[in-house]
Amino acid sequence: MKTFFVTGGAGFIGGNFILNLMKTGQTKVVNYDKLTYAGNLDTLSSVEDDPNYFFEQGDICNRDKLRSVFLAHDIDAVVHFAAESHVDRSIESPGDFIQTNVVGTYELLETTRGYWRGLSKTRQENFRFLHVSTDEVYGSLGETGLFTEETPYAPNSPYAASKASSDHLVRSYHKTFGLPVLTTNCSNNYGPYQFPEKLLPLMIQKALEGEPLPIYGDGKQIRDWLYVEDHCRAILEVLEKGTVGQVYNIGGHNEKSNLEVVHALCNILDEMVPGSLHRPHESLISFVEDRPGHDRRYAIDASKIQNQLGWKPQESFETGLRKTVSWYLNNKTWTDRVLSGAYQGERLGLEKH
């Protein structure tokens, strides 16, 4: 039975990843999370009493704490989700992103390297460090073309720059020290348990309350949408079959403009909440000033992971969106508990210097 050390496991993607792992009944999971505003243990309530699940509250910048947790558990793989991840927040507080995403990744790599060097030869060969990154490190695309694993880095926000920095650190620890690393760069995730500052859960919440649905600029910014459970399956494929030192882009093959996404969401809400006083929900759409440095288009070429590892998304955007809306409608208690903290749906990232 393998033991996975998962950083940021109380967050959106990390939480979904742990839930999927625990369903197999074949793994132990150590969830290491600082429990910032976006970390929510409610997501993992269904596994919290499982004898193969362990939660450790801690900061990835704290090497002493990391060391003690590594020594307490026989770790076979590190899956590194922990990151400050919202572009608008990075505009307001860039320093937090440098600290967590760059310094924190360095501390985690150093801890892992020390631990890995002490393993037997066989365990060293089977050990993996998987770093979860984003397509935003590649910058912005024009109207055509796709990001590949060879696309030069050109980050445009403090968030993207901090993730690019961490990607380079991970690569260097493989090239310099031989640490068996893997990196994945994914497109826009959506699905259950997403913190409501992100587009879909924020729009669902506002639409149900009859509040304006704010669209940045002209709403024609394009993203490649990836259902979170498809992403979790891809990460497992990379862990099990990926070539050490390689990068794998994970995309949903679902290019949609922000405006298309919100229109589709409104149509589903009209159908699923027939008694809503705010139908048609698209009447709530309002256009607001664009985000500073807003990338125009992201789209991922996921042919490498499909051709080499046999992974492709199981959900179309339409099926994934229906599942997502249905989940939020049926789990209002989860959203209410998350929103009882500091974040109340206000716009972030307006600060300009």
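In this structure, does I60 turn out to be touching a Leu at 6+ places or on another chain (Cβ under 6 Å), modelled with pLDDT of 95 or more and either surrounded by 17 or more Cβ atoms within 10 Å (Cβ to Cβ) or under 15 Å from S133 (Cα atoms) (or both)? Criteria met by I60.
For E110, the conditions (1) of a type in the set (D, E); (2) over 21 Å from the mean Cα position of the chain (by Cα); (3) under 29 Å from R296 (Cβ atoms); (4) part of a helix (DSSP H, G or I) are fulfilled apart from (3). Among the residues of region 280-302, those identified as surrounded by fewer than 16 Cβ atoms within 10 Å (Cβ to Cβ) and free of Cβ contacts under 8 Å to residues at least 60 places away in the same chain are P280, S283. Among residues that are free of Cβ contacts under 8 Å to residues at least 60 places away in the same chain, out of contact with any helix residue (DSSP H, G or I) (no Cβ under 6 Å at 6 or more places or on another chain), part of a loop (DSSP other than H, G, I, E, B) and closer than 20 Å to Q194 by Cβ, L35 is included. When the residues of region 310-340 are filtered to those that are surrounded by fewer than 12 Cβ atoms within 10 Å (Cβ to Cβ) and assigned to a loop (DSSP other than H, G, I, E, B), the one that is modelled with the lowest pLDDT is S340.
Which of the following residues is hydroxyl-bearing (S, T, Y), at pLDDT below 95 and assigned to a helix (DSSP H, G or I): S85, S90?
Details: S85 fails: assigned to a helix (DSSP H, G or I).
Result: S90 is the single residue among S85, S90 that is hydroxyl-bearing (S, T, Y), at pLDDT below 95 and assigned to a helix (DSSP H, G or I).
Within region 202-216, being surrounded by fewer than 21 Cβ atoms within 10 Å (Cβ to Cβ) and assigned to a helix (DSSP H, G or I) holds for L202, Q205, K206, L208, E209.
Here T144 meets the list (1) part of a loop (DSSP other than H, G, I, E, B); (2) closer than 22 Å to K256 by Cα; (3) touching a residue at least 12 places away in the same chain (Cβ under 8 Å) almost entirely, failing just condition (3). Residue count for region 35-57, restricted to those that are touching an Asp or Glu at 6+ places or on another chain (Cβ under 7 Å), farther than 12 Å from V6 by Cα and modelled with pLDDT of 95 or more: 0. The set of residues from region 295-309 being assigned to a loop (DSSP other than H, G, I, E, B) and touching a strand residue (DSSP E or B) at 6+ places or on another chain (Cβ under 6 Å) comprises Y298, A299, A302. Scanning region 223-252 for residues that are surrounded by fewer than 19 Cβ atoms within 10 Å (Cβ to Cβ) and outside any helix (DSSP H, G or I) gives T243, V244, G245, Q246. Candidates E255, E229, E240: the one that is free of Cβ contacts under 8 Å to residues at least 24 places away in the same chain and not polar (S, T, N, Q) is E240.
It is to be established whether one or more residues within region 74-84 are of a type in the set (D, E, K, R) and either surrounded by 21 or more Cβ atoms within 10 Å (Cβ to Cβ) or at positive phi (or both).
Quick first cut of region 74-84, residues of a type in the set (D, E, K, R) only: 74, 76, 84.
Pick out the ones that are also either surrounded by 21 or more Cβ atoms within 10 Å (Cβ to Cβ) or at positive phi (or both) and you get 84.
The answer is yes; a qualifying residue exists.
With respect to Y138, determine if the residue is in contact (Cβ under 8 Å) with a residue 24 or more places away in the chain, buried (at least 21 other Cβ atoms within 10 Å of the Cβ) and in contact with a strand residue (DSSP E or B) (Cβ under 6 Å, 6 or more places away or on another chain). It is true that Y138 is in contact (Cβ under 8 Å) with a residue 24 or more places away in the chain, buried (at least 21 other Cβ atoms within 10 Å of the Cβ) and in contact with a strand residue (DSSP E or B) (Cβ under 6 Å, 6 or more places away or on another chain). Among the residues of region 1-45, those that are farther than 16 Å from T335 by Cβ and small (G, A, S) comprise G8, G9, G14, G25.
Check whether at least one residue in region 38-46 is farther than 26 Å from A234 by Cβ and surrounded by fewer than 21 Cβ atoms within 10 Å (Cβ to Cβ), and report yes or no.
Initial filter on region 38-46 (farther than 26 Å from A234 by Cβ): none.
Taking every residue of region 38-46 in turn, none turns out to be farther than 26 Å from A234 by Cβ and surrounded by fewer than 21 Cβ atoms within 10 Å (Cβ to Cβ).
If you scan region 219-243, which residues turn out to be among the charged types (D, E, K, R) and out of contact with any strand residue (DSSP E or B) (no Cβ under 7 Å at 6 or more places or on another chain)?
Pass one, region 219-243, residues among the charged types (D, E, K, R): 220, 223-224, 229-230, 233, 237, 240-241.
The answer is E229, D230, R233, E237, E240, K241.
Does region 83-126 hold any residues that are in contact (Cβ under 8 Å) with a residue 60 or more places away in the chain, more than 17 Å from V6 (Cβ to Cβ) and β-branched (V, I, T), and which are they? Listed by number, the residues that qualify are V87, I91, I98, V102.
The values are calculated or read from the model by the stated rules, or taken from the named source; none is laboratory data. Here the structure is a predicted model, which is why all the values come from computation and not from measurement. Positions of Cβ are backbone-derived with ideal geometry, glycine not excepted, and every protein chain shown enters the neighbour counts.
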